[in-house]
Amino acid sequence: MNPDEILLGAARNKRAAALMQLDNEKLLALKKLWSDGVDPRWLPYRNDPVRFVTDGLGENVWSKQVEILNSVRDNKRTAVPACHSPGKSHIAARAIAWWVTVHPADKVRVVTTATTFRQVRGILWPHIRRLHAAHNLPGEMLTTEWKIDDIVIADGFSAADHNEAAVQGIHAENLLIVVDEAGGISQIIGNAIEALMTGGHTRLLLLGNPPTDQTGSWFERACNSDLYNVIPIDAYSTPNFTGEIVGDWAKNLVDPQWVNDVIREFGPDAPFVQARVHARFPRSTTNATIPIDWIDAAIVDDTPTDGVIRLGVDVAADGGDEFVIARADGLCAYIVHTSTNNNNAVAVAGTVLEHIHKAQEDHAARGIADKVRVKIDAIGVGWGVSSLLEEWGKENRHAAEIVPVNVAERAYDNEKFANQRAEMWWNLRTLLQPDDNGEQECELKIDRKVIAQLTAPTYRANASGRLQIESK
């Protein structure tokens, strides 16, 4: 009887316990008995990735993760369209560790990729590195590279959308390819990855959120293909909804509060909700930042004249677009000036000064002591305008508070928004969004041209998951 049969014939608990108690010298001697040289501690799990995680690593897995692990073992191709934070990168790291440890180092290869190298380095590989360190897995771990006996057995890379050559030439007797954040992979790179699937013992695992900014992506096509075993993970099937026991790391998974918040904020039919809550590929990518029916509901005929006044100034660069001043009386907003005369900072600042004086007079008539707050687009000509107005304030030509704004700068809530422009648009969206009683915080007195401008921009989640508003 060969050593595999002797060891694998023992009771599972006794076999695992005995192997874990051996010192390195005895393990090395035992390892040499196996023709393929696999570390005997992990050999019992060669055909059981779930037990590799539960018994070998001593960790919990939940039902969808069990499906993923077993699918990698049993199916050539597995696709996992997932909701927000279901633990997909966590389980992908365990699948990679299992694949590496149960195959000989000279006959195994794992490659991981994602839309960008930042995602490769910052999303999946930290899981792999922590796993390697916590469980004394074989070999040496670098930032995005795993070596055993100086052989690179796993590494991470990214390729430009049209650089299919970067994906070629990857072969091994036991090859596992893991595509994280698969929703952003281009058709060209996806097809090049498919071309690697010619080996007899080759596995491909795709994981990611369905994209909200395109239809017919390579990931969507894969999830609709009969070649793939597809395991969708919607938010409602995750442990914080089902009650499955997963331990302390349940706090890292999507929870009801997050789901309720995004449905309330985006609406139940929004592409973002379809993708990030239901793990569905949206049929439409028209993500209007401000729906036109919200604007229609907010429009009033008369302008209230009893609130604190604020001014917003958009100074378009190079004289190409309109110079606009908007005024908010309390929570009613309207346009008070538009012109194309915006290439002279002194003239523009003079026009803004006139509206500051008018607002200060209205404050005085209303008995309001607050300063008039003026936010000015400080990019291009706007920088000179805001500087002039700040200087004129020091010369007592006005008593307003001047606030220069650079919309390209870091958002205050930089975990949610790509920049200040996205944050400002989203703040306006929040003011206009009806509550459960149909009430809105903000009123508008605007014409159809402004309505069209407000409803034109769309939003999407960028590669980092932050909200981004489309460019002009």
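Taking amide H positions as placed 1.01 Å from N in the peptide plane, with prolines and chain starts having none, which residues 5 or more places from Leu206, or on another chain, fall under 5 Å of its amide H?
The answer is Thr78, Ala79, Val80, Val179.
Give the carbon-plus-sulfur fraction of the accessible surface of segment 368-464 in %, rounded to a whole number; probe 1.4 Å, heavy atoms of protein chains only.
With neighbouring chains kept in place, the figure for segment 368-464 is 47 percent.
Specify the angular offset, from 0 to 90 degrees and rounded to the nearest 10, of the alpha carbon long axis of helix 24-33 from the longest principal axis of the alpha carbons in the chain.
The answer is roughly 60 degrees.
Long-range amide H contacts for Glu443: which residues qualify at under 5 Å (H placed 1.01 Å from N, peptide plane, sequence gap of 5 or more or a different chain)?
Sorted by chain and number, the residues that satisfy this are Cys332, Ala333.
Might you report the magnitude of the Cβ-based charge dipole of segment 326-472 about its Cα centre, with Lys and Arg at +1 and Asp and Glu at -1, to the nearest 20 debye?
It comes to approximately 420 debye.
Which entries in the list Lys64/Lys107; Lys358/Lys394; Lys371/Lys416; Lys371/Lys394; Lys358/Lys445 go over 24 Å, if you measure between the two C-alpha atoms of each?
Lys64/Lys107; Lys371/Lys416
Determine Rg/Rh for segment 229-354; Rg is computed over alpha-carbon atoms and Rh is the Kirkwood hydrodynamic estimate from the same atoms.
Taking Rh as the inverse mean 1/r over Cα pairs, Rg/Rh reads 1.21.
Just to be sure I understand: of the beta bridges DSSP finds with both ends in the chain, what percent are antiparallel, rounded to 5?
40 percent
Check each of the trypsin sites (Lys or Arg not before Pro) in segment 320-407 and keep only those in coil by DSSP with at most 14 other C-beta atoms within 10 angstrom; list them in order.
Passing both the DSSP loop test and the Cβ count: Arg397.
So what does the Cα-only Debye profile of segment 294-376 read at q = 0.12, 0.20 Å⁻¹, as log10 I(q)/I(0), no solvent term?
Debye intensities relative to I(0), on a log10 scale: -0.39, -0.92.
Taking the Cα centre of the chain as origin and charging only Cβ (+1 Lys, Arg; -1 Asp, Glu), how large is the dipole, in debye to the nearest 20?
The dipole magnitude comes to about 1600 debye.
If the cut-off is a Cα-Cα distance under 18 Å, which aspartates and glutamates reach Lys88, setting aside same-chain residues fewer than 8 apart in sequence?
Of all the aspartates and glutamates, those that pass the test against Lys88 - Cα under 18 Å, at least 8 places apart if same chain - are Glu59, Glu67, Asp180, Glu181, Glu220, Asp234, Glu244, Asp248, Asp255.
Considering the convex hull of the alpha carbon atoms of segment 155-248, report its projected area averaged over all viewing directions, in nm², one decimal.
Averaging across all directions leaves 8.2 nm² for the Cα convex hull.
When the distances between all Cα atoms of the chain are binned every 20 Å from zero, what whole-number percent does each bin get?
20, 40, 25, 12, 2, 0
So, for segment 146-296, what is the accessible surface per residue at a probe of 1.4 Å, expressed in square angstrom?
Result: 44 Å² per residue.
Report the one residue of Ala400, Asn136, Ala411 whose Cα lies farthest in the direction of the positive end of the charge dipole of the chain (charges on C-beta: Lys and Arg +1, Asp and Glu -1; origin at the Cα centre).
The one lying farthest along the dipole's positive direction is Asn136.
The values are calculated or read from the model by the stated rules, or taken from the named source; none is laboratory data. This one's a predicted model, so the numbers in the text were calculated from it and none came from an experiment. Positions of Cβ are backbone-derived with ideal geometry, glycine not excepted, and every protein chain shown enters the neighbour counts. Side chains included, ligands, DNA and RNA excluded: accessible areas come from the protein's heavy atoms. Shrake-Rupley method; radii C 1.70, N 1.55, O 1.52, S 1.80 Å.
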